[in-house]
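Participant: Please read through the structure below; I'll follow up with questions.
The values are calculated or read from the model by the stated rules, or taken from the named source; none is laboratory data. Because the structure is a prediction, the values reported are computed rather than measured. Every residue, glycine among them, receives a Cβ derived from its backbone with ideal geometry; neighbour counts consider all protein chains shown.
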Ligand SMILES: *Cc1c(COP(=O)(O)O)cnc(C)c1O
């Protein structure tokens, strides 16, 4: 047996730890009639080749994996546009209550009244927070919320006989999901340029809206972390041309309790519960991207939504629904977590979240703008975008800086986005970080800036002591190993 070198991570996969006959759980006695196995044609392999491992071995395996990973529970995670705020543990407790975690989506409505009431109240809360009263919680992610909202816009125009409205106008600073969702919804994408202050170029927008405009999709606050000063003019320019205005409200942290997007003239929006409303995300886990619409568009929402009559809650289909966007009612466990967060924070707390998110981002902006350069140096909202072009001229890229941050135990900011900012490093501290954490981040960034002068290779080779260093990220995303296969085993473990 090869003895690992001290400190080396035990990278054996669960199947490699398997020993025939070893067992980690005792199954309870059967309390339902025994059923024959399904038709063998439905089984991938018999026997199933499940790993046979003891309970401590399983715990060690997953604990080791978790230590090779980074999470908000480990350290500061200023990943711009992703709102990696702390996930309060009370959210988990509520989601695991038997009446929440132990119910089945096929149960009759009358047996799950509490769960339906929770969905109804969350619909109402989100409608109140955003000023867009029609809410459907079904979409499973921000991107699916976008697609759903755009399908609602299409249904609205189809209903009016305005079938020539097939264009989605999207700013050049938009999140990549916006043009992708528009294309999936069958719309033609036309790009709207930004002006030199990072705002929508309103004159260009005026020239682009016409009788083919279906929607103008705007991220709010913008992906530069800025509030769009011409917002009211923008929404009325689009409305005058007969189009609808869509708000990408994935990150509403800076607006909570301060401004309602419905009041700004938006007709449709989505918001990410896994960003703004503190439910966990990352790694492709379950999310929720509710779609929010004005009263006029409500009848086109996907099915189901929850309606209340007196004390009775029912899952219903809106009258002119676009149909289902997925199975069942969305990520119910995520909805419970977001509901818990909203109730725990309360109405007054909402505004405090926004204020602290804005103060934290501006604290970092003003501390680092001198050394790292800021894309648009004015008061920002929940995030600021650094543009370290002076460092790039010295041979150190935004990627190198990000990788070096990992050595200091800090997750890299979002890089090279928005695309219109050279060497973009998008920093979003969120309201849940203390001044101490922000001060440490600022000190680390300054230290890295000194290293760029003194020993740039420290950055070129970073990170230095993580389980993996520089990965083929595009390759990993295109060809992931998602399950164990003996022949790939040695590669997958690398
Ligand atoms: C995260 C994000 C999205 C996409 O949300 P997903 O849940 O990842 O699909 C869309 N727009 C903006 C501005 C975002 O930050």
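Participant: Which one of the conditions (1) in contact (Cβ under 8 Å) with a residue 60 or more places away in the chain; (2) closer than 18 Å to residue 296 by Cα does residue 160 fail to meet, given that it meets all the rest?
Facilitator: (1)
Participant: Separate question: Restricting attention to region 90-107, does a residue exist that is within 30 Å of residue 220 (Cα to Cα) and within 16 Å of the ligand (Cβ to nearest atom)? Show your work before the answer.
Facilitator: First, the residues of region 90-107 that are within 30 Å of residue 220 (Cα to Cα): 90-92, 95.
Then keep just the ones that are within 16 Å of the ligand (Cβ to nearest atom); that gives none.
For region 90-107, residues within 30 Å of residue 220 (Cα to Cα) and within 16 Å of the ligand (Cβ to nearest atom): absent.
Participant: Working carefully through the options 324, 378, 299, 314, find the one that is touching a residue at least 12 places away in the same chain (Cβ under 8 Å) and either part of a helix (DSSP H, G or I) or closer than 30 Å to residue 464 by Cα (or both).
Facilitator: Details: 324 fails: either part of a helix (DSSP H, G or I) or closer than 30 Å to residue 464 by Cα (or both); 378 fails: either part of a helix (DSSP H, G or I) or closer than 30 Å to residue 464 by Cα (or both); 314 fails: either part of a helix (DSSP H, G or I) or closer than 30 Å to residue 464 by Cα (or both).
Step by step, each of 324, 378, 299, 314 is checked, and only 299 is touching a residue at least 12 places away in the same chain (Cβ under 8 Å) and either part of a helix (DSSP H, G or I) or closer than 30 Å to residue 464 by Cα (or both).
Participant: Report whether or not residue 213 is touching a strand residue (DSSP E or B) at 6+ places or on another chain (Cβ under 7 Å) and within 27 Å of residue 362 (Cα to Cα). Steps first, please.
Facilitator: On the way: touching a strand residue (DSSP E or B) at 6+ places or on another chain (Cβ under 7 Å): yes; within 27 Å of residue 362 (Cα to Cα): no.
No; evaluated as a whole, the condition is false for this residue.
Participant: What helices (runs of 4 or more DSSP H), lying completely within region 384-494, carry at least 1 residues that are modelled with pLDDT under 95?
Facilitator: Numbers: elements: 389-393, 398-407, 435-454, 457-460, 473-478, 489-492.
Hits in region 384-494: 473-478, 489-492.
Participant: Then there's this: Being more than 16 Å from the ligand (Cβ to nearest atom) and without any contact (Cβ under 8 Å) to a residue 60 or more places away in the chain is true for just one of 259, 306, 293. Which residue is that? If you could, list the steps in order and put the result at the bottom.
Facilitator: On the way: 306 fails: without any contact (Cβ under 8 Å) to a residue 60 or more places away in the chain; 293 fails: without any contact (Cβ under 8 Å) to a residue 60 or more places away in the chain.
Just one listed residue meets the conditions, 259.
Participant: Filter region 279-293 for residues that are out of contact with any helix residue (DSSP H, G or I) (no Cβ under 6 Å at 6 or more places or on another chain) and surrounded by fewer than 18 Cβ atoms within 10 Å (Cβ to Cβ) and give the result.
Facilitator: Matches in region 279-293: 282, 283, 284, 285.
Participant: For region 224-254, name all the residues that are assigned to a helix (DSSP H, G or I) and in contact with a helix residue (DSSP H, G or I) (Cβ under 7 Å, 6 or more places away or on another chain). Reasoning before the result, please.
Facilitator: Kept after step one, since they are assigned to a helix (DSSP H, G or I), are these residues of region 224-254: 231-240.
Those that are assigned to a helix (DSSP H, G or I) and in contact with a helix residue (DSSP H, G or I) (Cβ under 7 Å, 6 or more places away or on another chain): 231, 232, 233, 234, 235, 237.
Participant: Still on this structure, I have one more. Please state which of the following conditions residue 252 fails to meet, knowing it meets all the rest: (1) within 16 Å of the ligand (Cβ to nearest atom); (2) over 13 Å from residue 130 (Cα atoms).
Facilitator: If we test residue 252 against (1) within 16 Å of the ligand (Cβ to nearest atom); (2) over 13 Å from residue 130 (Cα atoms), just (2) comes out false.
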